[in-house]
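Data first, discussion second: the structure below is written as structure tokens.
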Amino acid sequence: MFDKNKVLPIACDHGGYDLKEHVKIELLKENYLVEDMGTFSPESVDYPDYIHPLAEAVNNGKFCMGIIICGSGNGVSMTANKYPEVRAALCWTAEIAKMARLHNDANILALPGRYIDFEEALRAVNIFLTTDFEKGRHTRRVNKISVSKNNR
């Protein structure tokens, strides 16, 4: 479960800007500490410019979790998942977000800004931040995700 005393970074491109702003406001209302890593307007931008800094910070342990958003959620999740300690999960329902935490120990929530309504997005964010990794047999599987000579 995410500790509200830790900073939660959030980043997006233009396709996720409106949803990011909505999620950020709701998180602040719930007393989360939020670091907005951009973009800061709905003008067209390149999503990797905003996602790489967030994913790198999660990868290096500066943040334990993060939220990323673009139009489909695909580009941001592909970018974030280039980092070996990142497990970004594209979630369009709260149930998928729950399973991403329970079974995959996902540490970045990727949302599809153009394909999820605000209410479902907030449910997904809430469940993502409040669900613990189940561990057990899932730990072995999660440890096999990053590419290394040991698991190829």
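Pairing residues of the stretch 114-132 that are part of a helix (DSSP H, G or I) with residues that are charged (D, E, K, R), at Cβ distances under 6 Å and at least 6 apart in sequence or on separate chains, gives 122/26; 127/98; 128/101. Taking the stretch 50-67 as the range and being in a loop (DSSP other than H, G, I, E, B), touching a strand residue (DSSP E or B) at 6+ places or on another chain (Cβ under 7 Å) and not aromatic (Phe, Trp, Tyr) as the test, only 65 passes.
Of all residues in the stretch 77-127, those satisfying the criterion of being of a type in the set (Asp, Glu) and within 12 Å of residue 23 (Cα to Cα) are 117, 119, 120. For the condition in contact with a strand residue (DSSP E or B) (Cβ under 6 Å, 6 or more places away or on another chain), without any contact (Cβ under 8 Å) to a residue 24 or more places away in the chain, under 18 Å from residue 116 (Cβ atoms) and not aromatic (Phe, Trp, Tyr), residue 24 qualifies.
So that you can scan it fast, the table gives a plain yes or no per residue for (1) on the phi > 0 side of the Ramachandran plot; (2) assigned to a helix (DSSP H, G or I); (3) crowded, with 17+ Cβ neighbours inside 10 Å; (4) modelled with pLDDT under 95:
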{"residue": "78", "(1), (2), (3), (4)": "no, yes, no, no"}
{"residue": "82", "(1), (2), (3), (4)": "no, no, no, no"}
{"residue": "89", "(1), (2), (3), (4)": "no, no, yes, no"}
{"residue": "92", "(1), (2), (3), (4)": "no, no, yes, no"}
{"residue": "97", "(1), (2), (3), (4)": "no, yes, yes, no"}
{"residue": "101", "(1), (2), (3), (4)": "no, yes, yes, no"}
{"residue": "106", "(1), (2), (3), (4)": "no, no, yes, no"}
{"residue": "109", "(1), (2), (3), (4)": "no, no, yes, no"}
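Restricted to the stretch 1-49, and to residues there that are part of a loop (DSSP other than H, G, I, E, B) and aromatic (Phe, Trp, Tyr), the residue that is farthest from residue 80 (Cα to Cα) is 32. If the condition is being under 24 Å from residue 78 (Cβ atoms), out of contact with any Cys (no Cβ under 8 Å at 6 or more places or on another chain) and among the aromatic types (Phe, Trp, Tyr), then the stretch 1-39 contributes only 17. Contact annotation: residue pairs with Cβ atoms under 8 Å, 6 or more positions apart or on different chains, pairing a residue in the stretch 78-95 that is within 10 Å of residue 120 (Cα to Cα) with a partner that is acidic (Asp, Glu) and at pLDDT 95 or above, are 92/120; 93/120; 94/120.
The values are calculated or read from the model by the stated rules, or taken from the named source; none is laboratory data. Only a predicted model underlies this, so the values are computations on that prediction, with no experimental measurement involved. Using ideal geometry, Cβ is built from the backbone for each residue, glycine included, and neighbour counts are taken over all protein chains shown.
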